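The values are calculated or read from the model by the stated rules, or taken from the named source; none is laboratory data. Predicted model only: the values in this text are computed from it and were never measured. A quick note on method: Cβ atoms are made from the backbone with ideal geometry, for glycine too, and the neighbour counts reach across all protein chains shown. For the accessible areas, the whole protein counts, side chains as well, though only heavy atoms, and no ligand, DNA or RNA atoms are used. Shrake-Rupley method; radii C 1.70, N 1.55, O 1.52, S 1.80 Å.
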Amino acid sequence: MAESMMGLKRSCRCAEVTKNQIGETVTLMGWVQKARNKGGIIFVDLRDRSGIMQLIFENGDIDEEGFAKAGKLRSEFVIAVTGRVEARTGAVNTNLTTGELEIRCTSLRILSEAETPPFAVEENSKTREEIRLKYRFLDLRRPDLQRNLMVRSRVAQLTRAFMANEGFLEIETPMLIKSTPEGARDYVVPSRVHPGTFYALPQSPQIFKQLLMCSGYDRYIQIVKCFRDEDLRADRQPEFTQIDMELSFVDVDDVIDVNERLLAYLFKEILGVEVQLPIQRMTWQECMDRFGSDKPDLRFGMELKNVSEVVKDCEFAVFKNALVSGGTVRGINAEGQGGMPRKKIDKLVDFVKDYGAKGLAYIAIAEDGSFKSSFAKFMKPEEMDALIAAMDGKPGDLLLFAADKNTVVWAALGALRIELARQMDLLDKNEYKFLWVTEFPLLEWSEEEQRFTAMHHPFTMPMEEDWDKIDTDPGSVRAKAYDIVLNGTEIGGGSVRIHQDDIQEKMFEVLGFTKEQAWERFGFLLNAFKYGVPPHAGLAYGLDRLVMLMVQADSIRDVIAFPKVKDASDLMSEAPAAIDEKQLKELCLKVDIPDEA
């Protein structure tokens with residue numbers, strides 16, 4: 001039967017006991033990790049968020065009732081014990097910080113009993129994730145998840161302290177806002193007071209933080225929940241947390257400076273890692289040309305090479321047709337992979353098809369310098385030699401080529417580069433390679449909508465030297481936008497904002513908004529711009545992604561206390577769920593679910 005604490009006070013956590021306390025009496029509380037009954041002596045591993053401490057129950061040290069209770073202990077019972085700190089009499093456990101110590105218990109209280117859990121609470125659990133997420137309250141007891149969430153807490157605390165010291169004010173922005181459908185889908189909330197109208201949950205505090213700059217707050221910071229109704233993946237959730245900031249009277253270099261120092265501070269304090277400043281910068285165009293990605297992983301080479309000039313006169317139809325259509329031919333050199341079996345190469349061909357490519361051409365160079373190729377019969381010997389030379393091909397290398405329009409070639413080879421790095425074990429999680437990606441295109445063409453859309457958002461400032469091309473060649477206008485990338489993952493992004501009326505109005509025009517539509521959606525921001533707005537810029541980090549990389553987790557679900565799964569549902573609380581008719585009536589809603597749903 002469970003007992004109450006009856007005034008008992010915990011003196012410290014399990015792993016906070018040190019060798020200096022040998023001989024002292026302490027009171028510990030926590031969960032039973034495991035119990036081993038050896039007859040006259042019972043060993044129990046007691047666990048709390050700090051770690052594990054070994055307990056010893058032996059007749060003579062504890063009364064018969066206490067010893068009998070100790071014999072009933074099972075995994076996940078919650079107990080309180082009082083006892084004497086001793087050096088371990090048995091073998092030292094080098095895997096534990098408390099491995100040289102044990103507590104010889106003189107009293108025991110069972111604060112709560114537990115049923116047998118559906119899986120063992122242990123590090124690196126092999127239990128299926130669906131089961132662990134259904135019992136997330138148990139999963140969260142695992143030491144590795146607890147360490148992750150403690151790092152997350154520390155990141156938030158240190159960020160607040162650092163930014164406060166830099167003159168930032170922490171200000172909250174609203175959760176119930178007006179829907180602005182430009183961008184990802186909003187989560188919407190019906191209003192009871194205003195029937196037939198809806199709030200949206202914020203995808204970011206973007207407009208409100210710009211308004212705070214208009215209001216003279218100069219430097220704003222917020223660690224804030226944001227929401228996007230979009231498809232999920234390993235590093236994406238429907239609700240996520242941003243470290244959000246905005247600064248007045250600044251340009252690109254000012255924002256980058258404070259954020260480089262913030263990152264260096266966080267990585268030094270939490271991981272003991274020295275981030276070399278200044279962080280490398282690379283333009284968007286250079287990233288795409290060299291890595292096929294605007295978030296390149298710099299931990300390894302295998303860069304893309306444009307061989308269009310080398311093959312422009314060849315008779316291989318795949319290359320020829322791509323070049324005639326205005327595309328390019330590019331390749332990557334998987335060094336040392338020349339002996340890759342044909343079946344494995346065929347799998348790589350299938351892999352790139354997911355990224356729009358029709359296939360891959362290859363040259364596998366043997367150790368003796370001879371080669372096998374999927375297209376050699378269409379090429380002259382001197383053309384093949386020139387192509388291999390252009391790719392720096394050596395005996396033992398595998399050269400892989402894609403030919404199509406630029407966007408397809410970049411996407412296919414950029415993804416293939418990462419896939420090969422995984423297969424070749426080139427991704428060292430203990431290495432942290434940062435990169436600023438700058439000078440993004442201001443706009444990108446949407447085939448679906450047949451119009452230009454903002455690559456970041458409609459409030460991004462164009463580069464002044466490109467603005468004269470906004471009418472004649474809008475796709476070539478670069479933005480004062482910047483992303484911070486770590487090991488091939490974008491952890492944050494931002495831009496200098498438009499603060500001039502005429503540029504903002506022109507931007508809306510290029511995006512296809514009439515003046516009336518722009519005012520209908522963003523009127524309160526445009527109205528504020530009439531009354532004196534400072535030049536301003538900002539950036540937001542994905543806190544979940546940042547912590548995921550810091551703790552070397554494979555998914556952001558491992559750094560969020562209660563995450564959703566791929567269909568945006570919560571397996572533990574069973575959200576989302578239907579609401580009753582009374583609630584629907586109050587909200588003036590009727591639910592009409594299509595049959596196919």
Query raised in the report: Taking a probe of 1.4 angstrom, what is the accessible area of residue 432 in Å², to the nearest 10?
Result: 40 Å²
Query raised in the report: Tally Lys/Arg at +1 and Asp/Glu at -1 over every other residue whose Cβ is under 11 Å from the Cβ of residue 460; what's the total?
Result: +3
Report task. Please compute the net charge surrounding residue 437, taking Lys and Arg as +1 and Asp and Glu as -1 over other residues with Cβ under 11 Å from its Cβ. Result -> -3
Report summary line: Any aspartates and glutamates whose Cα falls less than 18 Å from that of residue 394, other than same-chain ones fewer than 8 residues away, would be 303, 335, 367, 368, 382, 383, 385
Requested in this report: Set Lys and Arg Cβ to +1 and Asp and Glu Cβ to -1, take the dipole of segment 120-195 about its Cα centre, and tell me which of 124, 174, 193 lies farthest positive.
Outcome: 124
Query - Calculated [θ] (222 nm, deg cm²/dmol) that DSSP helices of n ≥ 4 give over the chain, each run adding -39,500 (n - 2.57) - result: -8500 deg cm²/dmol
Query - Binned Cα-Cα distance frequencies in segment 308-379 - 5 Å width, integer % - result: 3, 13, 23, 25, 21, 12, 3, 0
**Report entry** Amide H contacts of residue 55 (H built 1.01 Å from N, under 5 Å, at least 5 apart or other chain)
**Finding:** 44, 45, 46, 103
Query - Protection proxy ranking, peptides 400-411, 526-537, 453-464, 267-278, average beta carbon neighbours within 10 Å, highest first - result: 400-411, 453-464, 526-537, 267-278
Report summary line: accessible surface per residue for the chain, probe 1.4 Å, DNA/RNA/ligands not counted, whole Å² -> 50 Å²
Requested in this report: Starting with the highest mean, order 565-571, 355-361, 43-49 by the number of other Cβ atoms within 10 Å, averaged over the residues of each peptide.
Outcome: 43-49, 355-361, 565-571
Query raised in the report: If r is the Cβ-Cβ distance from residue 394 to residue 306 and R0 is 25 Å, what FRET efficiency results, to the nearest 0.05?
Result: 0.80
Report task. Compute the relative contact order of segment 451-554 as a whole-number percentage, counting only Cα pairs closer than 8 Å that sit 6 or more residues apart in sequence. Result -> 28 percent
Report summary line: Interchain or sequence-distant (5+) residues whose placed amide H lies within less than 5 Å of the amide H of residue 374 are 362
Report summary line: In debye to the nearest 20, the charge dipole size for the chain, taken about the Cα centre with +1 at each Lys and Arg Cβ and -1 at each Asp and Glu Cβ, equals 1880 debye
Report task. Label segment 482-597 by shape, choosing from rounded, prolate and oblate, from the square roots a ≥ b ≥ c of the eigenvalues of the Cα gyration tensor; if a/c is under 1.5 it is rounded, and otherwise prolate applies when a/b is larger than b/c, oblate when it is not. Result -> oblate
Requested in this report: Report the relative contact order of the chain, percent, no decimals, based on alpha-carbon pairs under 8 angstrom and at least 6 residues apart.
Outcome: 13 percent
Query raised in the report: Between residue 451 and residue 406, what is the label-to-label distance in nm when each label sits 7 Å out along the Cα-to-Cβ direction?
Result: 2.4 nm
Query raised in the report: Which of the DSSP-defined H helices in the chain satisfy a minimum axial length of 15 Å, computed from C-alpha atoms, and a minimum mean Kyte-Doolittle hydropathy of 0.0?
Result: 252-271, 406-423
Requested in this report: Mind checking which aspartates and glutamates have their Cα closer than 14 Å to the Cα of residue 405? Skip sequence neighbours fewer than 8 apart in that chain.
Outcome: 289
Query - Farthest toward positive dipole pole in the chain [+1 Lys/Arg, -1 Asp/Glu at C-beta], among 162, 56, 555 - result: 56
Query - Cross-link reach list, lysines versus residue 429, counting only Cα pairs under 18 Å and skipping chain neighbours closer than eight places - result: 268, 295
Query - Count, lysine Cα pairs under 17 Å in segment 1-96, 8 or more residues apart or across chains - result: 4
Query raised in the report: Treating the beta-carbon of each Lys and Arg as +1 and of each Asp and Glu as -1, no other charges, what is the dipole magnitude of segment 225-275 about its Cα centre, to the nearest 20 debye?
Result: 280 debye
Query raised in the report: Given a 1.4 Å probe and every protein chain left where it sits, what share in percent of the accessible area of segment 335-410 is carbon and sulfur?
Result: 53 percent
**Report entry** Scaled radius of gyration (Cα, divided by 2.2 N^0.38 Å) that the chain gives
**Finding:** 1.20
Query - Cα centre as origin, Lys/Arg/Asp/Glu Cβ charges: segment 332-397 dipole, Debye - result: 400 debye
Query - Dipole of the chain [Lys/Arg +1, Asp/Glu -1 at C-beta], most positive-end residue of 412, 583, 215 - result: 583
Report task. Kindly identify segment 227-365 as rounded, prolate or oblate by the Cα gyration tensor criterion: order the square roots of the eigenvalues as a ≥ b ≥ c, call it rounded if a/c is under 1.5, otherwise compare a/b with b/c, prolate if a/b is larger, else oblate. Result -> prolate
Query raised in the report: For segment 501-581, what % of the accessible area comes from carbon and sulfur atoms, probe 1.4 Å?
Result: 52 percent
Report summary line: Taking a ≥ b ≥ c as the square roots of the Cα gyration tensor eigenvalues, with a/c under 1.5 meaning rounded and otherwise prolate when a/b beats b/c or oblate if not, segment 137-233 comes out oblate
Query - Accessible surface of segment 69-121 [probe 1.4 Å, protein heavy atoms]: carbon and sulfur percent - result: 47 percent
Report summary line: The summed charge of the residue 338 Cβ neighbourhood (under 14 Å; Lys/Arg +1, Asp/Glu -1) stands at -1
Query raised in the report: If you take the C-alpha gyration tensor of segment 15-170, multiply each eigenvalue by 5 and take the square root, what semi-axes do you get, largest first, in whole Å?
Result: 33, 21, 14
